[in-house]
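Structure record follows, encoded as structure tokens.
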Amino acid sequence: MKDFLFFTKGERNGLCLLLALVGISIAFSCQISHLTPPPEEDTTQLELALAQFKANLQEEEQRKYHPKYKEAVHSTEKETTKKSYVRTEKNEKRPTLSPIEINTADTTEFKKLKGIGSTYAARIVKFREKLGGFHSVDQIKEVYGIKEDLYESIRPHLKVDTNKLRRIDLNDESFTWGFYHPYFPKKGVSTLLKTRKERGRIEKNEVKELLQMEDKEWNRLAPYLKD
């Protein structure tokens, strides 16, 4: 053990020289690190941020001390908002609905009208069949459930072709005891049949008197009678 830790004079001199070189190397490295200037920082982003801050500050000063500038900005913002609103409203404009001919339209066409769903559309068609067609747009008001305000809203979109009416021939065999029409008085059919049997024929201009009808009742029924 003693021989292992023993160094010769030459080995001791070499070891001292090696330690001296290591010390010099460390000292030199420290000195170089102090002498080398630090890398320059990139100030581009900082300069841009400062420039933007100054611009915003100047604009804010103008808003405070220059009323005309403030009014101009407000006017521009208002105009932009107005244009955006007009453009949106224009895009949402619904296509124009063509007038519906009420004597030929089916339930699908009637449902195109705002406020008219499947139930009302079916009632309109059913009432039309009972009447033999419509002679006036105003008859739509007689459909069960259709109130005045709803009728007024759909009226501009309706039209009627009276040539589509199914008219009643009082002197035809089809006009018999089982005949029914919503506008005929309850005992009207029997009265007219008895008169036709007695006279052989009934004229249209006799019906109002024979059935003792008021003007309003007669005006509703007359368009359905053949001359």
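Taken together, the values in this text are just the output of simple stated rules run on the coordinates, not laboratory data. Worth saying up front: this structure is predicted, and the values here are computed from it rather than measured. Neighbour counts are summed over all protein chains in view; Cβ atoms, including those assigned to glycine, are modelled from backbone coordinates with ideal geometry.
For the stretch 167-227, what's the relative contact order in percent, using C-alpha pairs closer than 8 Å and at least 6 residues apart?
On the way: 43 pairs, mean separation 28.8, N = 61.
Relative CO of the stretch 167-227 lands at 47 percent.
With 5 Å bins from zero, work out the P(r) of the stretch 100-164 over every alpha carbon pair and list the percent per bin.
3, 20, 34, 31, 10, 1
List the pairs from Lys159/Lys186; Lys130/Lys187; Lys111/Lys226; Lys164/Lys194; Lys112/Lys226; Lys147/Lys216 whose alpha-carbon separation is above 23 Å, in the order I gave them. Could the numbers behind the result be given before it?
Values: Lys159/Lys186 31 Å; Lys130/Lys187 18 Å; Lys111/Lys226 33 Å; Lys164/Lys194 30 Å; Lys112/Lys226 34 Å; Lys147/Lys216 20 Å.
Long pairs (Cα-Cα over 23 Å): Lys159/Lys186; Lys111/Lys226; Lys164/Lys194; Lys112/Lys226.
DSSP loop chymotrypsin sites (Phe, Trp or Tyr not before Pro) in the stretch 147-222 with at most 10 other Cβ atoms within 10 Å of their Cβ, which ones?
Sparse-neighbourhood loop chymotrypsin sites (Phe, Trp or Tyr not before Pro): Trp177, Tyr180.
Tell me the GluC sites (Glu not before Pro) within the stretch 142-215 that lie in a loop according to DSSP and have at most 13 other beta-carbon atoms within 10 Å. Can you show the working numbers first?
On the way: sites: Glu142, Glu148, Glu152, Glu173, Glu198, Glu203, Glu206, Glu209, Glu214; in loops: Glu173, Glu203, Glu214.
Those that pass, being in a loop and sparsely packed, are Glu173, Glu203, Glu214.
Can you tell me the Rg and Dmax of the stretch 167-227, counting just the alpha carbons, in angstroms?
Using the Cα atoms of the stretch 167-227, the pair Rg, Dmax is 10.5, 28 Å.
Using a cut-off of under 13 Å, list every residue of the stretch 193-227 whose amide N is near the label point 7 Å from the Cα of Ser136 along the Cα-to-beta-carbon line.
215-224
Mind checking the stretch 172-225 for trypsin sites (Lys or Arg not before Pro) that DSSP puts in a loop (not H, G, I, E or B) and that have at most 13 other Cβ atoms within 10 Å? Working shown, then result.
Numbers: sites: Lys186, Lys187, Lys194, Arg196, Lys197, Arg199, Arg201, Lys204, Lys208, Lys216, Arg220; in loops: Lys186, Lys187, Arg201.
Listed in order of number, the matching sites are Lys186, Lys187, Arg201.
Add +1 for every Lys or Arg and -1 for every Asp or Glu among the other residues with Cβ under 11 Å from the Cβ of Thr195, and state the total.
Numbers: positive: Lys194, Arg196, Lys197, Arg199, Arg201; negative: Glu198, Glu203, Glu206, Glu209.
Net local charge, Thr195 excluded: +1.
Starting from the Kirkwood radius over alpha-carbon pairs of the stretch 86-226, derive D by Stokes-Einstein at 10 °C in a medium of 1.306 mPa s and give it in µm² s⁻¹.
Details: Rh = 17.2 Å.
This corresponds to a translational diffusion coefficient of 92 µm²/s.
Order these by the 10 Å Cβ neighbour count, fewest first: Tyr144, Tyr120. Before the final figure, lay out the partial values.
Values: Tyr144 10, Tyr120 21.
Least to most surrounded, the residues fall as Tyr144, Tyr120.
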